[in-house]
Amino acid sequence: MGETTNRAADFWSGLALAALGTYIVLEARQWEYLGPEGPGAGFFPLWYGIAMVALSLALVASSALRKPGGGGIDWRNAGRSAAAWLAFAASVAACKLVGFAVSFALLTFFIVAVLYRRPLAVAATVAVAVAAGFQVVFAMALGVSLPSGVLGF
Amino acid sequence: MNATVRALVLATIAAAAPAVHAQGFKPTRPIEMVVHTGPGGGNDVLARAIAAMIEKEKLAPVRMQVVNKPGGNGNVFVAYVAEKRGDPHTLGLFTGNMITNMLISTEVKVTLRDLTPIARLVLEPAVIAVKADAPYKTLADFIDDAKKRPGQLKQSGGSITSRDNVVRQLLMRSTGAQWAFISFPGGGERIAALLGGHVNMMVIEPEEAGEHIRAGNMRVLAQVSERRLHGFPNVPTLKEAGFDVPVVPQVRGVVAPPGIPKENVQYWEELFRKLTRTASWQKYLAENQFEDGYLTSAELAAFFDGFSDRMREILGAAGIKTVR
Amino acid sequence: MEILSSLAQGFAVALAPANLLWCFVGVLLGTVIGIMPGLGPPATIAMLLPLTFQMTPAAAMIMLAGIYYGAKYGGSTTSILLNVPGESASVVTCLDGYQMARKGRAGAALGIAAIASFVAGTVGVLGLMLVAPPLARFALAFSSPEYFGLMTLGLALVVLLAGRSVIKALLAALVGLWIASMGTDLFSATSRFTFGQMELLAGIDFIVVAIGVFAIGEVLANIALREGTQLLPVPKGLRNLLPTWQDLKDCRFAFLNGSVVGFLVGVLPGGGSTIASFLSYGLEKAVSRRRGQFGTGVIEGVAAPEGANNSETGGALVPLLTLGIPGSGTTAILLAALVLWGFKPGPLFIPENPTLFWGLVASMYLGNAMLLVLNLPLVPAFAQVLRLPVYVLYPLIFGVSMVGVYSVSGSPFDLALLAAFGLLGYLMRKLDYPTAPLILALALGAGLERALRQSLMMSGGNLAILVERPIAAVMLSLALVVLLIPLVGRLNAWRLRALEPDGG
């Protein structure tokens, strides 16, 4: 009974983490390792950076040595996730411009209409209802401040 | 001109003078008082107290509301107020730490010096405390012991740029003694370290120390202030105890966004000048064991300069890199 | 006994109609606001503090205690239903609570959270009442070397949370340590890993990472599935909407575990409910017979941390009310409130204000009971949220996450971080890296490093300080034991396999 994760995933993520670990170690070298009053800022990062490099290289090695096979990663629907993430990121960026209510409504509309292929009327209703609901419950009732943009809300 | 007429003329001029002032700016919207802590933090509590006092004493025609902008070690607060350039209805409460923080970090793009100084309000004194069963009766006892055992004694405090460490650096420099400084992020942990016997001494706000002293767990060796606090009439100040070190205060005050017109600044100055003269303010100071540190706008600007220079020098001597 | 008579007097105060009302209001408001992700007890109490200015100190303290409990319970609702941690201490509840919801047992999870909160919260108040002063003195003996031991024990639990690949769990934990060290170093004022961004000078908020990795990451992973109106199963019938007797039996140890661990961690100045919930979860997993199923929806995995979360409240009040030392962010606000009303919490607080103290203790019992009474009937109602079609639920999760994060700091930068960590959470799921170790290491990392450096400063560089003090030595030994558990399990499996007859 071996590992069933994909070896390519382990290989590349291991390399990425090894790179991160190396970066951490290089940065840590710039700070004080052991000062007169105790360990400096560089002490801890150096050690966990080294551990990161060691473990990730071990991961790379173990994945390279493993026989090919085992379940692959299902990248088929990754496009949907990517689209969803891009929409989320765009919504976050738009908050400063048009305010939370509008950008959140747009995000909801995108998810319902594009990702889940619901009729435009349904998408629009859900988007407006949800955004308005948030505005009422949080901004007005609870007094929580939401990002507001040029439209004033 | 006889005495009565002269008196009348003087009275008229005196009455007219504030009217001339009042021709300038008057707030028409609620004032935003921005603070760099979350709710319940030091400046937040002070801001709410100020807002309450202004309302009670009817010093302004509008309300003041507190806006919290925590994060980035106070830098989010500074950036936020700076963004409100020219806005006549925004104010912010600063602490002296913001000057120190800007000296050591390169990431900070907008600093407290970019804002308009309005008034300095309070000085926070501190006391030097040890556990009640410690063998030190005076600060000199502690210093002597530190000289005999360099590096063995320990002080608990905040970050290395905090006032706790500044006091330590100044004392160590002036006496040649040496003791270690251990940082704890929370006040509770610092006190616990002292009461648990894990450190020997700490610099603590008089307010916080009060109850522990009353319960007999702590003893105060000296006070870090210019004059003796009324809560500690029998404790010598640093100078009185024979240590010629400058009292570096922890300060709080008011700033405003850059680019506001002169009448605006004058209005704020006048508002806070009046505030510090009210009985409520005096009561507040006494209750919290603060010292009145009122400075006008121009004086505050000069204070910032002097404080930066002093901090730069102290940090440098402590081995901390300053970048501006 | 003197304690009983004092308690009776306390109940007389707490049961006064006005105070009872304020207790109820506090619990209700606390729960409602606590449900909002990101808004935990500190923010909730701070928000509602101005309301208390018009009340008598007793009424105000009682209401604040109610808010404290309510907010802690409210945090678990979104954790279980939406995988959005309501506050830092509810992050652990997401691990098994959300999985239970996905299996159609949301009602049981919500119910057990309420019951565990009640049981452990009551134990916490009992502790406050009976052992506060001696325990406070004990807490003072706990300093940096002991903290180091405690944090190491916590991190050793990473190994237990490993799942299939220990290497990947450790790597996730190391990334968590890296994120934890971003910001300005307390001891040397050096900025570490801030990438030139001033918003990073104070480090990254734990809740932003937790919500991003758990909630956003999960939605991104699930959105990939094309099924349209896939609903999460919501079983009908009240019997299935609440915990069963079997569930309660399974949680016997969890109740005890949560109560004790939460209370003790709460007593330590600097120990918080997040650490308490992680430790309790880890302990439960370590001693459980079905340890391998943790993370897939095991009810003890909800009961233990939720209990620890609530009994921590009682524990945190011990140093506050006996020594005047606030142990956590929330108790710091309570301290400020007490000072505002003219009280001075310190060693003389209880002897000088017995009515207030015992009234508070009595109201905490009541608050706990009210929590249960108020929330158990609401469980079926909350569970109905899961009936929403996913194309409404997922935007809801996005929105609630954004509002939650923004309400904590008011910073658009944190929203950008939310998006970034959402992506990280998605990638971790895809690449089969466990997310819990990252979150655990993030929660404990800063404390671990601080404790280590403080200890070495105390001993002047001598590492022996970490093991020579008795409590610290015990902690480190326990950590070692925890690290060995999976090893023993693996050895056993290897041994059993070796004993099998060869070949076919």
Go through segment C:321-417 and tell me which helices (runs of 4 or more DSSP H), entirely inside it, have 2 or more residues that are buried (at least 20 other Cβ atoms within 10 Å of the Cβ). C:329-340, C:354-375, C:378-383, C:390-409
Would it be correct to say that residue C:284 is more than 14 Å from every other protein chain (Cβ to nearest Cβ), within 14 Å of the chain's Cα centre (by Cα) and acidic (Asp, Glu)? no
Of the residues in segment C:167-185 that are more than 7 Å from chain A (Cβ to nearest Cβ) and β-branched (Val, Ile, Thr), the one that is nearest to the chain's Cα centre (by Cα) is C:179
Tell me the residue from B:177, B:126, B:132 that is over 26 Å from the mean Cα position of the chain (by Cα) and crowded, with 19+ Cβ neighbours inside 10 Å, please. B:177
Considering only residues that are at the interface with chain A (Cβ under 10 Å from one of its Cβ atoms) and touching a residue at least 40 places away in the same chain (Cβ under 8 Å), which ones fall in segment C:430-444? C:430, C:432, C:433, C:441
Regarding segment B:99-121, can at least one residue be identified that is without any contact (Cβ under 8 Å) to a residue 40 or more places away in the chain, within 25 Å of residue B:25 (Cβ to Cβ) and within 9 Å of another protein chain (Cβ to nearest Cβ)? yes
Hits in segment B:144-168 (condition: within 22 Å of the chain's Cα centre (by Cα) and either among the small types (Gly, Ala, Ser) or within 13 Å of chain C (Cβ to nearest Cβ) (or both)): B:155, B:156, B:157, B:158, B:159, B:160, B:161, B:162, B:164, B:165, B:166
Considering only residues that are closer than 21 Å to residue B:191 by Cα and of a type in the set (Val, Ile, Thr), look in segment C:277-320 and name the one that is surrounded by the most Cβ atoms within 10 Å (Cβ to Cβ). C:313
Could you list, in sequence order, all residues of segment B:77-98 that are surrounded by 23 or more Cβ atoms within 10 Å (Cβ to Cβ), within 13 Å of another protein chain (Cβ to nearest Cβ) and out of contact with any Leu (no Cβ under 8 Å at 6 or more places or on another chain)? B:77
Residues of segment B:227-264 being aliphatic (A, V, I, L, M) and more than 24 Å from residue B:50 (Cα to Cα), in sequence order, are B:235, B:238, B:241, B:245, B:247, B:248
What residue, of A:102, A:92, is within 8 Å of chain C (Cβ to nearest Cβ), at pLDDT 85 or above and crowded, with 17+ Cβ neighbours inside 10 Å? A:92
Considering only segment A:111-136, how many residues are of a type in the set (Ser, Thr, Tyr) and either touching a Pro at 6+ places or on another chain (Cβ under 6 Å) or more than 9 Å from chain C (Cβ to nearest Cβ) (or both)? 1
Evaluate the following for residue A:11: is it assigned to a helix (DSSP H, G or I) and at pLDDT below 90? yes
Hey, residue C:420 assigned to a helix (DSSP H, G or I), within 9 Å of chain A (Cβ to nearest Cβ) and hydrophobic (A, V, I, L, M, F, W, C) or not: yes
Based on what the data block shows, is residue C:473 part of a helix (DSSP H, G or I), of a type outside the set (D, E, K, R) and over 28 Å from residue A:89 (Cβ atoms)? yes
Every pair of residues 6+ apart whose Cβ atoms lie under 6 Å, when the first sits in segment B:128-154 and is within 21 Å of residue B:195 (Cβ to Cβ) while the second is of a type in the set (Ser, Thr, Tyr): B:130/B:136; B:142/B:136
Could you please find all residues in segment C:186-197 being within 27 Å of the chain's Cα centre (by Cα) and β-branched (Val, Ile, Thr)? none
Could you please let me know if residue C:363 is more than 20 Å from the chain's Cα centre (by Cα), of a type in the set (S, T, N, Q) and within 14 Å of chain B (Cβ to nearest Cβ)? no
Of the residues C:61, C:47, which single one is part of a helix (DSSP H, G or I), of a type in the set (A, V, I, L, M, F, W, C) and away from every other protein chain (no Cβ under 14 Å)? C:61
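The values are calculated or read from the model by the stated rules, or taken from the named source; none is laboratory data. In this text the structure is predicted, and so the values were computed from the model without any measurement. Ideal geometry is used to build each Cβ from the backbone, glycine not excepted, and the neighbour counts take in all protein chains shown.
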